[in-house]
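What follows is a single structure, written as structure tokens, with notes after it.
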Amino acid sequence: MANPISIQNIKEAVDLIRTGRLVAFPTETVYGLAGDATNSDAVAAIFKIKGRPSFNPLIIHVCSLAEAEKLVIFNDVARSLAENFWPGALTLVLPRRENCPVSLLAGSGLETLAIRIPKSEIALKFLQAVKLPIAAPSANKSGSVSPTKAEHVLESLGDSIDLILDGGTCQIGIESTIIDLSTNDPCVLRTGGIPIESLERQLENIQIVKGVDHSPKAPGMLSRHYATTIPLRMNAEEVYDGEALLAFGGRPLGPAVAIANLSRAGDVNEAAANLFDMMRKLDKPEYKGIAVMEIPNVGLGVAINDRLQRACH
Ligand code: TXA
Ligand code: MG
């Protein structure tokens, strides 16, 4: 375990997974901590290493729609979304099949499973080679900022995993959008890498319930999450003494003890890709806190503001 970063060593990763070990891998959203979803011991190890409460279920990753259909029961809406957005940053919550081989622990005993096909090339190659459904939460300690680079995983979990597939920086940088399709009304449980506007365009006449703040159904979303160790505040109009600034756009506030700019051009996609890395960089005990400038609540800005909201308390 001395040097768990290995460049695209997919075969080694596959061998580890098949013997019940855990591996971190890059997706287009964030790095995931992967284990064989059909192996309860591997799944238990994921919860243990992350320090994650066992009532908070994991997302199952597969490499094709056919594989997904073996695990959960699709309806027309689910199929339409899968065909249009997979591989991609969309997670569907659907009823488990009766003979679904995924460990009950992975789904925290629920009758539904959250499932997605990730888009990054390494993730897809890994999933195709391993030929198993992969349970993978974000590869960080529970409640902390998600990893968008291999070195973030190393900092957070390096001692406890065998291998990190290094795919560089995650392209989207914010977790997948989760939509619950297990009941009659599609309900967004977590905003994320696919903007809700894009889903609505696809579904035309179907109403999407934005349950993010009200629903107890994505248990991980209720608590303080994505937290920095120093205080963070949003929509800052000035920088207080001793604070670091997380800026957005061409006219950063100032002065500040440290500055990181999410996007000088004011582009929310660029800001999403930079968010977690910059939150980590400014999260230093010598700063009094992090002041974050206003970020427009459109497109990926909605998911960015959701993560910031959960980080500030
Ligand atoms: O982009 C992502 O989704 C990343 C990458 C690695 O795929 N994964 C990720 O996993 O963000 P995690 O464990 O950090 O977040 C999974 C979320 C949690 O909020 C959990 O409560 C919710 O998915 N979830 C999982 N299964 C569910 C289910 N059956 N019903 C409702 N929510 C579920
Ligand atoms: Mg997470």
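The values are calculated or read from the model by the stated rules, or taken from the named source; none is laboratory data. Just so it is clear, the model here is predicted, and its values are computed rather than measured. When we count neighbours, we look across all protein chains shown, and the Cβ atoms used for this are built from the backbone with ideal geometry, even at glycine. Ligands, DNA and RNA are excluded from the accessible area calculation, which covers all protein heavy atoms including side chains. Shrake-Rupley method; radii C 1.70, N 1.55, O 1.52, S 1.80 Å.
Other residues whose C-beta falls under 14 angstrom from the C-beta of V62 contribute a net charge of +4, scoring Lys and Arg +1 and Asp and Glu -1. Think of a 1.4 Å ball rolled over the protein heavy atoms: segment 40-100 then has 43 Å² of accessible area per residue. With a simple spin-label model that places each label point 7 Å from the Cα along the Cα-to-Cβ direction, the separation between D15 and E237 comes to 6.1 nm. Calculated over segment 142-300, the projected area of the Cα convex hull averaged across directions stands at 11.3 nm².
Ranked from highest to lowest mean number of other Cβ atoms within 10 Å per residue, what is the order of the peptides 276-282, 253-259?
Details: 276-282: 21.4, 253-259: 14.7.
The most tightly packed comes first, giving 276-282, 253-259.
Summing +1 for each Lys or Arg and -1 for each Asp or Glu among the other residues whose beta-carbon sits under 13 angstrom from that of I49 gives +2.
Within segment 22-105, the proportion of C-alpha pairs whose separation exceeds 21 Å stands at 34%. Screening the chain for whole DSSP H helices of 27 Å or more along their axis (Cα) with average Kyte-Doolittle hydropathy at least 1.6 returns none. Roll a 1.4 Å probe over the protein chains and send me the accessible area per residue for segment 232-311 in Å². With the other protein chains kept in place, segment 232-311 gives 46 Å² per residue. Once the Cα-Cα distance is subtracted from the 0.36 nm per residue extended length, the R264 to E83 segment shows a gain of 61.7 nm. Taking E175, E204, E12 in turn, the Gaussian network model of the chain (Cα-Cα springs below 10 Å) assigns the largest fluctuation to E204.
Any of K70/K210; K70/K149; K48/K70; K125/K149 with alpha carbons more than 24 Å apart? Name them for me. Violating the 24 Å Cα-Cα cut-off are K70/K210; K70/K149; K48/K70. Protection proxy ranking of 189-198, 226-235, by the mean of other Cβ atoms within 10 Å over each peptide's residues and highest first, is 189-198, 226-235.
Across the alpha-carbon set of the chain, the Rg to Rh ratio works out to 0.96, Rh being the Kirkwood radius.
Could you check what % of the DSSP bridge pairs in the chain are antiparallel, to the nearest 5? Numbers along the way, then the final one.
Details: 17 of 40 bridges.
Of all bridge pairs located within the chain, approximately 45 percent are antiparallel.
Working from the Cα coordinates of segment 63-182, the gyration tensor eigenvalues give, after taking √(5λ), semi-axes of 25, 16, 14 Å in decreasing order. Each distinct pair of alpha carbons in segment 108-173 adds a 1/r term; the inverse of their mean, the Kirkwood radius, is 13.5 Å. If I histogram all Cα-Cα distances within segment 232-311 using bins 10 Å wide from 0, what percent of pairs lands in each bin? The distribution over segment 232-311 is 21, 58, 20, 0, given as percents.
Could you work out what % of the accessible surface of the chain is carbon and sulfur, using a 1.4 angstrom probe and leaving DNA, RNA and ligands out of the count? Before the final figure, lay out each step's value.
On the way: 6740 of 13520 Å².
Result for the chain: 50 percent of the exposed heavy-atom area is carbon or sulfur.
Near G20, once Lys and Arg are set to +1 and Asp and Glu to -1 for all other residues with Cβ below 9 Å from its Cβ, the sum equals 0.
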